[in-house]
Amino acid sequence: MSSTSLRCIGLTGGIGSGKSTLGNMLQECGLPLIDADAISRQLTSTGGAAIEPLQEIFGADCIDANGALDRDHMRQLVFSNQDAKHRLQQLLHPLILVQIEQNIQVLANKGNSLVLIDIPLLVESSHWRDRLDRVIVVDCEENTQVDRVVSRSRLSPDAVRQIMAHQASRHQRLAAADIVIYNNDISLDELREQAKQISL
């Protein structure tokens, strides 16, 4: 992905798959982690670099009272309007890529040889696959995804399924995987054991 010799491992999975949990476990094992979603949230928080262009493109309604992206409003907009979804991606993806490249360079300068990049929309985006050395996919049953997200959020099952419908399918993610971690009906300890056994 960068001009350094640092190897980049992509991590992805559908909403509720346990992708972030696995990422944290791999980080605990000593693997440096770059979180693309955290970078996106930073860019779209109050004072973030994406706020002004977001307002220019989508209008003041997309910004909340605190000056951050109104995520609920934007979610409904991109779900109902493919052009809006495309314009949002055109804005955010290059900004996220720049920040990831900068983070990779910092890690390389510190002597790291491997980095894990948590990318929620890895399969959906054309930006990523040729920039990564390997791809880890966290997989589980779709009903499990729905149950997990409903239990941790204020979203309804229908709202979760709407989000899932706008993500890559389970089949598409598995087709893109070099390594698959199956995270359905297993304990955190069992998931942690799988994390320790991943060979990169």
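Odds and ends about this structure:
- Residue 65/residue 169 FRET efficiency (R0 35 Å; Cβ-Cβ; nearest 0.05): 0.45
- Structure remark: mean-square fluctuation, Gaussian network model of the chain, C-alpha springs under 10 Å; the largest value among 135, 78, 146 belongs to 78.
- Note on segment 121-200: the alpha carbon radius of gyration divided by the globular reference 2.2 N^0.38 Å gives 1.20.
- Within straight-line reach of residue 85, meaning a Cα separation under 27 Å, sit the following lysines at least 8 residues removed in sequence or on another chain: 19.
- GNM top mover of 103, 81, 184 - the chain, alpha-carbon springs below 10 Å: 81
- Computed about the Cα centre, the dipole magnitude for segment 1-127 is approximately 380 debye when only Lys and Arg (+1) and Asp and Glu (-1) carry charge, each at its Cβ.
- Computed log₁₀ I(q)/I(0) - Debye formula, equal Cα scatterers, no solvent, segment 37-102, q 0.19, 0.26 Å⁻¹: -0.68, -1.23
- In this calculation the C-beta distance from residue 80 to residue 126 is compared with R0 = 30 Å, giving a FRET efficiency of 0.85.
- Listed peptides 45-57, 147-159 appear in the order 45-57, 147-159 once ranked by packing, highest mean of other Cβ atoms within 10 Å at the front.
- Relative contact order [Cα under 8 Å, 6+ residues apart], segment 1-83, whole percent: 15 percent
- Surface share of carbon and sulfur [accessible, 1.4 angstrom probe, percent] for segment 1-140: 46 percent
- Kirkwood-based shape ratio for the chain, expressed as Rg/Rh from alpha carbons: 0.96
- Ranking 85, 196, 110 by solvent-accessible area of protein heavy atoms (1.4 Å probe, all protein chains present), from largest to smallest, gives 110, 196, 85.
- Helical mean residue ellipticity (222 nm; -39500 (n - 2.57) per DSSP H run of 4+; nearest 500) of the chain: -15500 deg cm²/dmol
- Alpha-carbon centroids, segment 1-46 and segment 95-151: separation in whole Å: 5 Å
- At R0 = 45 Å, FRET efficiency that the Cβ-Cβ distance of residue 87 and residue 151 yields, to 0.05: 0.85
- Nonlocal amide H pairs with residue 168, under 5 Å, H built at 1.01 Å: 124
- Where both bridge residues fall in the chain, DSSP classifies roughly 5% of the beta bridges as antiparallel.
- Spin-label model, residue 110 to residue 7: label points 7 Å out along the Cα-to-beta-carbon direction sit 2.0 nm apart.
- Cα convex hull, segment 132-175: 88 Å³ per residue, rounded to a whole number.
- Accessible surface, the chain, averaged per residue in Å² (probe 1.4 Å): 52 Å²
- Short-range pairs are left out: with C-alpha atoms under 8 Å and at least six residues apart, the relative contact order of the chain is 37 percent.
The values are calculated or read from the model by the stated rules, or taken from the named source; none is laboratory data. The model shown is predicted, which means the values in this text are computed figures rather than measured ones. A quick note on method: Cβ atoms are made from the backbone with ideal geometry, for glycine too, and the neighbour counts reach across all protein chains shown. Keep in mind that these areas ignore ligands, DNA and RNA; they rest on the heavy atoms of the full protein, side chains included. Shrake-Rupley method; radii C 1.70, N 1.55, O 1.52, S 1.80 Å.
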